[in-house]
Amino acid sequence: MADQAVRPSSVDAGYGNPVRWRTVDIVVTAVLGVAFGVVFWGWNLFAEVASTPLDFFPPIKGLLNGVFLMPGVVAGLLVRRPGAAIFASTLAAAVSLLLGSPYGGIIVVYGLVQGAGAELGFLLTRYRTFGWATAILAAVTAGLSTSILDLSLYYPVSGEYPLWAFTLPYTLATVLSSVLLAGVVGMLLVRAMARTGALSSFAAGRTRV
Amino acid sequence: MTASLSLGPVPDARLGRINPVAQLTAMIVVTLVLLTSLDVVTPAVVVAAELCLLPAAGLTDLRDLWRRTWPLVLGATSVGLVNVLLSDDATVVTGVGLGLRVVGLALPGVLLVASTDPVRLADALTIHWRLSTRFAFGALAALRLVPLLVAEFESVRLARRTRGVEAGRNPVAQARLVGGIAFTLLVGAVRRGSRLATAMDARGFDSGIRRSNARGSRLHPRDAGFVAGAVLVCAVAVTSSVLSGAWAPIFVG
Amino acid sequence: MRLVARGLGVRHASRRAWALTGVDLVVEPGERLLLTGASGAGKSTLLAALAGILEAEGTEVTGELTVDGGPPRAARGRLGLLAQDPDSQLVMTRAGDDVAFGLENAGLPPEVIWPRVDEALAAVGFPYGRDRATQALSGGEKQRLVLAGALARRPGLLLLDEPTAQLDPDGAALVRTAVARATPGRTATVVVVDHDAEPWLPLVDRVVEVTPDGLVQHGPGWRPLPRTAGLRLPPGPDGTVLLAAQAAGFTYRGSSAPALSPSTTALRGGRVLAVTGRNGTGKSTLALLLAGLRAPTSGRVTASADLTGAVRTGSDEPHRWRAGELVSRIGTVFQHPEQQFLTGRLRDELAVGPLRSGRQAAAARATADELLERLGLSAFADANPYTLSGGQQRRLSVATALATSPQVLVLDEPTFGQDAATWRELVTLLAEQRAQGRAVAVVTHDADLVEVLADHRLALGPP
């Protein structure tokens, strides 16, 4: 990973190289991952219970997915490094596993795929812009990634899960939930944090006052 | 709240002598087997085996055990209940099976946290699984902030009361209160994380020199034995499930 | 290592004003220097520049700064740093592993690492073994451990950034002793930054004060002006008892030892009560009980009829009052002001309390503006509270407590880490509250504060 890019420190080894992770990037991305891991852990329990009453229209369960897509989008918007979304999302899943996850180890695979989904959104904008459009795009790609994984593992298109009555509404519900929670709430969260001055080490927190 | 992580490892747990990567491998085996079975026998056997490991993980005190596992017990119970009550074709046995499955999937995480110092986990992951040392130890540093956050949660809640903010019984107000506290804690954690990064760099974390490991991490025959034991337990579980006629495999999930 | 600054200026990425300008300074190898000065004068910025840890992006640096002739970043391998917050400098879970962290980063083999770890732990007088859990250490012990981690790398330059600001007097003394005994050979240049100069004077060769107009060199024998000098505080009127603790004690659930053994005390209008005692005696717990934030597990805390007035439950026990009722009766200031902030703007922050206690929006806004004016924070009315300096945050949190005109004020370590100027401002502000007939309780380690302000003292012993 970024290990190859490490070289002896010098003044220009700072923000100039967008691929190289500074220690503060690593630690703060990890902080986000750990924090959302705790959120995941709580949401896992809630979603597991909440999903059964939603059996009257199963595709609507996709609405519960948005929370799981937050760390990737938030880390990407905040840290702005290639790989931040994947790192934060995977770590969040791993932390929720250590806390006790009702899904067991598979949740780490989910964390990885969901992070990669968000990452794709940032990659498509080449890590150049981090405004609303990028946030929404990353949320959409993240939502699609988890839909694809869910649908292929649990609900393959079949007589039981028809394309029009299940696959498409489920995907739509997941993406909608992702856009609202990961995209909109995620962006608002990053902006609120920036206003507290806590992000002064990051481009996301920089405006002269 | 997040008792398990903030409580950290039990000192001198015997399970801690099993290398963390061996524990993780066993966890993967258990996850694969439980995710593919939807009956009551398989998870029952697996959970029984996991419970036998509790003393080895130093979880002999019932109160300590409860503090680490209550959310899990709560989750498993409600999963079982909700399925029995709301699903058309679910019997009590199915409900118990689903509840046990949740416990069986989640207990390995609890065992690992209880028996293993996170530093040993980072050592093992970087040495045996070749994870990047910068990322592994960066994550470790962040993990160390969790107990601080748990301790601060209560004082931030009290601090809100001094400002005239409390939720009472209104669930919407409660959610807003917890959200506000979480934001305060997150901002504090990011600030702490930034300072921690500076402190780490001041001790050469960013130097570009290839990092050595003072503790090392060795794999012993007992680690292979542990993984073999996990495979054996799963084999026994599936076999007894098939023999009893309860076997109900699914693709995944 | 030799440090040379010529015409150094620094401007941070997020600020329009320059943090430092025109700094000229030479520190010789092996010299021990104290950089002192008021908060916000740029001491810490200068230290960060020397350490080579200024943010690379966006920070403007003018003039010249060299460490042993090269840029500070290039000298980072020989740097040791001890910062303020004991909780954000330790990486590992066990003491020995943490000291080893810096040596692993240098790529040293284990057989070299462990003897050096033991040597460094001994040098700072660390009282436990390598396996001690870092979480179980006190603040002063943590700072000693961080120092050991820095020393194990055999630094040529040791930078100490207010290393005792968050410690009680015992912990602070421990750290200073450790610094003195760990740097006997003059192999390292030592630069200490602290606004509180006095305790460091026996340890350093030279004192330089950072002022807004530049550096001022102080000669040998220089002493800072005592912060209590010439302070005239108005006394308070004779008031009645407003709040009393009768054998009030507290034990956390699931804990066998009490956090606070039964204590009896009374808060009177126009009087300041100082609660003192070592760490672990339950001072802060007593503050929580008096503030109505926790219910005593034994004994009672009761308010007078005057203070209670018309609360909905009719109870005279503050912990039974609703939060909206509490704010207009007892104002509380926590040790960490940022934990109490609720909004993104100072003006809104000050209006929260009045609104919560049922006042009209217009009246609340008027109160907020008046307080901003009085505390000299008007210029920051629209700023985010988190972005204020430590001293400003403290004043703001006192102001938020005053906004609802409570008759009782409870403050936990209000003078922690404050420089002389903000210390005097704060003490004056508290004395004004006393003069207006309010009852004030301060939990503190600060002997000067007790000396100038306390009318009554309550010294807590171990529970």
If every Lys and Arg gets +1 and every Asp and Glu gets -1 at its Cβ, then about the Cα centre region C:3-218 yields a dipole, in debye to the nearest 20, of 340 debye
The rounded separation in angstrom of the Cα centers of region B:25-63 and region C:29-105 is 48 Å
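Taking each residue in B:66-74, count the Cβ atoms of any other chain within 10 Å of its Cβ, then average. What number comes out?
The shielding value for this peptide is 2.
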Checking region C:197-288 for trypsin sites (Lys or Arg not before Pro) in a loop per DSSP with at most 12 other beta-carbon atoms within 10 Å yields C:Arg232, C:Arg253
Given the candidates C:Gly309, C:Leu273, C:Gly236, the one whose Cα lies deepest towards the positive end of the charge dipole of chain C, counting +1 at each Lys or Arg C-beta and -1 at each Asp or Glu C-beta, is C:Gly309
In a Gaussian network model of chain B with springs linking alpha carbons closer than 10 Å, the residue among B:Ile181, B:Ile209, B:Ile28 that fluctuates most is B:Ile209
Quick calc, region C:240-459, dipole around Cα centre from Cβ unit charges on Lys, Arg (+) and Asp, Glu (-), nearest 20 debye, gives 640 debye
Contact order relative to length for region B:92-250, counting C-alpha pairs under 8 Å separated by 6 or more residues, stands in percent at 23 percent
Summing -39500 (n - 2.57) over every DSSP H run of at least 4 residues in the protein assembly as shown and dividing by its residue count gives a helix-only mean residue ellipticity at 222 nm, to the nearest 500 deg cm²/dmol, of -15000 deg cm²/dmol
Of the candidates B:Ile250, A:Ser51, C:Pro86, the farthest towards the positive dipole end of the protein assembly as shown (Lys/Arg Cβ +1, Asp/Glu Cβ -1, centred on the Cα centre) is C:Pro86
Given a Förster distance of 56 Å, the FRET efficiency implied by the Cβ-Cβ spacing of C:Arg223 and C:Thr297, rounded to the nearest 0.05, works out to 0.75
Computed for B with C: buried accessible area summed over both chains, 1.4 Å probe, rounded to 100 Å², at 4600 Å²
So the A/B interface buries, both sides summed and with a 1.4 Å probe, an accessible area in Å² (nearest 100) of 4200 Å²
Probe 1.4 Å, heavy atoms of protein chains only: per residue, the accessible area of chain B in Å² is 43 Å²
Heavy-atom accessible area per residue of region C:201-281, all protein chains kept, 1.4 Å probe, expressed in Å², is 55 Å²
In whole angstrom, the spacing between the Cα centers of region C:387-432 and region A:130-209 equals 43 Å
Computed for the protein assembly as shown: size of charge dipole around the Cα centre, +1 on C-beta of each Lys and Arg, -1 on C-beta of each Asp and Glu, debye to nearest 20, value 520 debye
The answer for region A:23-205, accessible area per residue at 1.4 Å probe in Å², is 34 Å²
Highest GNM mean-square fluctuation among A:Val24, A:Val74, A:Val175, for chain A with Cα springs under 10 Å, belongs to A:Val24
For C:Lys142, the lysines lying under 22 Å Cα to Cα, once residues fewer than eight places off in the same chain are dropped, come out as C:Lys283
Counting only protein heavy atoms with a 1.4 Å probe and every protein chain in place, the carbon and sulfur fraction of the accessible surface of the protein assembly as shown in whole percent equals 60 percent
Given C:333-341, C:164-172, A:56-64, the highest-first ranking by average Cβ count within 10 Å works out to C:333-341, C:164-172, A:56-64
Checked chain A with the C-alpha gyration tensor, a ≥ b ≥ c its square-rooted eigenvalues, rounded below a/c of 1.5, otherwise prolate if a/b is larger than b/c and oblate if not; verdict prolate
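The values are calculated or read from the model by the stated rules, or taken from the named source; none is laboratory data. Model, not experiment: these values are computed from the prediction. Reconstructed Cβ throughout: ideal geometry from the backbone, glycine too, with neighbour counts over all protein chains shown. To get the accessible areas, we keep the full protein, side chains included, count just its heavy atoms, and leave off ligands, DNA and RNA. Shrake-Rupley method; radii C 1.70, N 1.55, O 1.52, S 1.80 Å.
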